[in-house]
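Below: one structure, written as structure tokens.
The values are calculated or read from the model by the stated rules, or taken from the named source; none is laboratory data. None of these values were measured; they are calculated from a predicted model. Positions of Cβ are backbone-derived with ideal geometry, glycine not excepted, and every protein chain shown enters the neighbour counts. Note: accessible area is taken over every heavy atom of the protein model, side chains too, but ligands, DNA and RNA are not part of it. Shrake-Rupley method; radii C 1.70, N 1.55, O 1.52, S 1.80 Å.
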Amino acid sequence: MSYAVDGMNEVLRHADATAAFVRDVLVVAGCALLVLTLGAATLKRRTP
């Protein structure tokens, strides 16, 4: 969660995308993708 907060602070402080902002976005996106992948792989489907 701190990566998301750090990324938003970078946006507020700098008009251009900085390396720290790009890193924070990649970490948050990677975590989201990991959680979605693990959920899709482990949760049962409820189709009739």
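Show Arg46, Arg13, Arg23 ordered by accessible area, largest first, where the area counts protein heavy atoms only and the probe is 1.4 Å. Mind dumping the intermediate values first?
Working: Arg46 230, Arg13 160, Arg23 125 Å².
Highest to lowest solvent-accessible surface, that is Arg46, Arg13, Arg23.
What angle do you read, to the nearest 10 degrees and between 0 and 90, between the alpha-carbon axis of helix 2-13 and the longest principal axis of the chain?
Result, in degrees: 40.
Any idea which of Asn9, Gly39, Val27 is furthest toward the positive side of the dipole for the chain, if Lys and Arg beta-carbons carry +1 and Asp and Glu beta-carbons -1?
Gly39
Given the -39500 (n - 2.57) contribution per DSSP H run of 4+ residues, what per-residue ellipticity at 222 nm results for the chain, rounded to the nearest 500 deg cm²/dmol? Don't skip to the answer; put the middle values down first.
On the way: 2 runs with 36 residues, N = 48.
Helix contribution divided over all residues of the chain: -25500 deg cm²/dmol.
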